[in-house]
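Take a look at the structure below.
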Amino acid sequence: MKLMSPGELESQLREIGATRYHHLHPFHKLLHAGKCTKGQVQAWALNRYYYQSMIPVKDASLIARCSHPETRREWRSRLVDHDGEAKGEGGIARWLKLTEGLQLDRDYVVSLHGLLPATRFAVDAYVNFVREKTLLEAIASSLTELFSPQIISERIEGMLSNYNFVTTETLAYFSRRPPQAERDSRFALDYVKAHARTTEAQQSVVRALEFKCDVLWAMLDALYHAYVAPRHIPPGAFEPQD
């Protein structure tokens, strides 16, 4: 396999997004088209909370491995984005506003008692990937953010148009996220293009992004299996009232 130019590497990474990103998943198509019940939307928000809550844990472990202060300075903005500078601020707090707007009890959401087992396994696998793989692979795994602004715009438009139990305040997390994702993905993309200088390194970057897409896809597979078809909800997991 030949060494790709930085531009060729970027093209291959973007092709992964076009063919493997979770905006293509049947559950997301139902969600954005207004075809989910309120209970299914609640299940999605509750399970996605675990992913959101573990992002700063993942990022803190990545920062701890950075030997260059420039990289640490750049990456720590992600911690502020999700944790905020004070209690009640940041992306995690805004996600809890979403779950509260969907009439889910905050303590129940935070307790993770209703979490699907597959959600826990998928998110934990991502956190462990970032801890255990090379710094290059860890940074590459974040590149799903290249594709998130599109899915966020579709989500806001689709959910506001189709669900009378959703408001702009409920979806405040998403209105703030696109510029953050664009900033973060630009840095990560520049980093991997500059540091993946061998065919082996480039292939590790490709596999890292594929892995992250698999994590997001597996989370939606679990939601679909439990709450759409065949509706096999694992013992102890959230059970919608509708």
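Coordinate-derived values only; no laboratory data. Given the structure is predicted, the values throughout are model-derived calculations rather than measurements. Note that we place each Cβ from the backbone using ideal geometry, even for glycine, and neighbour counts take in every protein chain shown.
May I ask you to sort V109, V127 by Cβ crowding, counting other Cβ atoms within 10 Å and putting the fewest first? Numbers along the way, then the final one.
Numbers: V109 25, V127 17.
Ascending Cβ contact count within 10 Å gives the list V127, V109.
Return one number: the angle in degrees, 0 to 90 and rounded to the nearest 10, between the long axis of the Cα atoms of helix 117-132 and the longest principal axis of the Cα atoms of the chain.
20 degrees
In whole Hz and in residue order, list the ³J(HN,Hα) couplings for the range 224-229 that follow from phi through the Karplus curve 6.51 cos²θ - 1.76 cosθ + 1.60, θ = phi - 60°; x for Gly and Pro.
For the range 224-229, the Karplus curve yields 4, 5, 7, 10, 10, 7 Hz.
Go through the range 78-84 residue by residue and turn each phi into a ³J(HN,Hα) via Karplus (6.51, -1.76, 1.60, θ = phi - 60°); whole Hz please, and just put x for glycine and proline.
Each residue of the range 78-84 in turn: 5, 5, 5, 4, 8, 8, x Hz.
Can you work out the base-10 log of I(q)/I(0) for the range 111-242 at q = 0.13, 0.18, 0.19 1/Å, using the Debye formula on its C-alpha atoms alone?
After summing over all Cα pairs, the log10 values are -0.72, -1.15, -1.20.
For the range 6-227, please report how many Lys pairs fall under 25 Å Cα to Cα, leaving out neighbours fewer than 8 apart on the same chain.
The result is 14.
Which number do you get for Rg(Cα) / (2.2 N^0.38 Å) in the range 41-194? The partial results should precede the final answer.
Values: Rg = 15.9 Å, N = 154, 2.2 N^0.38 = 14.9 Å.
Cα-based Rg divided by the globular estimate yields 1.06.
Give me Rg/Rg_expected for the range 143-183, where Rg uses Cα atoms only and Rg_expected = 2.2 N^0.38 Å with N residues. All intermediate terms of the calculation are to be shown ahead of the outcome.
Numbers: Rg = 10.7 Å, N = 41, 2.2 N^0.38 = 9.0 Å.
Against the empirical 2.2 N^0.38 Å value, I get 1.19 for the range 143-183.
What's the exposure ranking of M219, M54, M1, M159, going from fewest to most Cβ atoms within 10 Å?
M1, M54, M159, M219
Around L115, which amide H atoms from residues at least 5 apart in sequence, or from another chain, sit under 5 Å from its own amide H, with H modelled in the peptide plane?
Correct list: F238.
May I ask you to order 220-227, 116-123 by the average number of other C-beta atoms within 10 Å around their residues, highest value first?
Working: 220-227: 21.5, 116-123: 19.6.
Ranked from most to least packed, the peptides come out as 220-227, 116-123.
Relative to the Cα centre, what is the charge dipole magnitude of the chain, using +1 at the beta carbon of each Lys and Arg, -1 at the beta carbon of each Asp and Glu, and rounding to the nearest 20 debye? It would help to have the intermediate numbers written out before the result.
Details: 30 positive and 29 negative charges, 35 e Å.
Here the size comes out at about 160 debye.
Given G114, P6, V41, which one lies farthest toward the positive end of the charge dipole of the range 6-227, if we put +1 on the Cβ of every Lys and Arg and -1 on the Cβ of every Asp and Glu?
Farthest towards the positive pole: G114.
Please turn the phi angles of the range 140-157 into ³J(HN,Hα) values with the Karplus equation 6.51 cos²θ - 1.76 cosθ + 1.60 (θ = phi - 60°), one per residue in order, whole Hz, x for glycine and proline.
Each residue of the range 140-157 in turn: 4, 5, 7, 6, 4, 5, 4, 9, 6, x, 5, 5, 5, 4, 5, 5, 4, 5 Hz.
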